[in-house]
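Heads up: the structure comes next, in structure tokens.
FYI, it's all coordinate maths here, none of it is from the lab. Keep in mind that this is a model prediction, so the values were computed, not measured. Because the Cβ atoms are built from the backbone with ideal geometry, glycine has one as well, and the counts that use them run over all protein chains shown.
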């Protein structure tokens, strides 16, 4: 049973470009969460999604960030017009309803 | 006050030592508590859940004190492979029908077990 998969594992973008991060949940999991870990900081919750629904986006920055989890395909975290402060590790987790969250290996975004 | 607070360490201990980590949380409505470990540049992995009655898993013992809003992790007979950052994690569990289940992480306590 494959775990949570994220790609790319490393992503380099120049300031002003767009970043797209993908997350495929564990098989059978319908709940997806995105967290961000800034250098030397703890993980911070960003958004919680179920298929075709954003359930809780209280941790998402108000501008430039969006997330989706379509009926088919992976969940996408999209960052438009990236800035240096967006450089971080972005972790996706998935779970069953009310279940334990399993984390993917993360995408390390570097903005130059 | 930070939502989840931990001593960042580092804790440098010899193999075989016993080491204890502490954590405090600010939201008294918190429902669930966990210890995760995170190896350098890797994803967090669940080490154990923490229950009010205390629980043990091999060399690891976790305790929760709801009145003091305090969580602890004890590692006995430390191994080199225990070297990692230990994350204290709290869940508000605001199951408002939408099922929000965000985890709140501490910054972690770094442990290095030395031969």
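For A:10, A:29, the sequence from fewest to most other C-beta atoms within 10 Å is A:10, A:29. Once the chain from residue B:31 to residue B:3 is taken as fully extended at 0.36 nm per residue, the excess over their C-alpha distance is 8.7 nm.
In bins 5 Å wide, starting from 0, what share of all Cα pairs of chain B does each bin hold, as a percent? Distribution as computed: 2, 12, 23, 24, 19, 11, 5, 2, 1, 0, 0 percent. For the residues of A:35-42, the average number of beta carbons from a partner chain within 10 Å of their own beta carbon is 4.
If you take the Cα atoms of the protein assembly as shown, find Rg, then find the Kirkwood Rh from the mean of 1/r over all pairs, what is Rg/Rh? Result for the protein assembly as shown is an Rg/Rh of 0.98.
Taking only the C-alpha atoms of the range B:1-40, Rg followed by Dmax gives 13.0, 38 Å. Considering only A:18, A:100, A:57, the Gaussian network model of chain A with Cα springs below 10 Å gives its largest mean-square fluctuation to A:100.
Note on chain A: Kirkwood hydrodynamic radius from all Cα pairs is 13.9 Å, rounded to one decimal.
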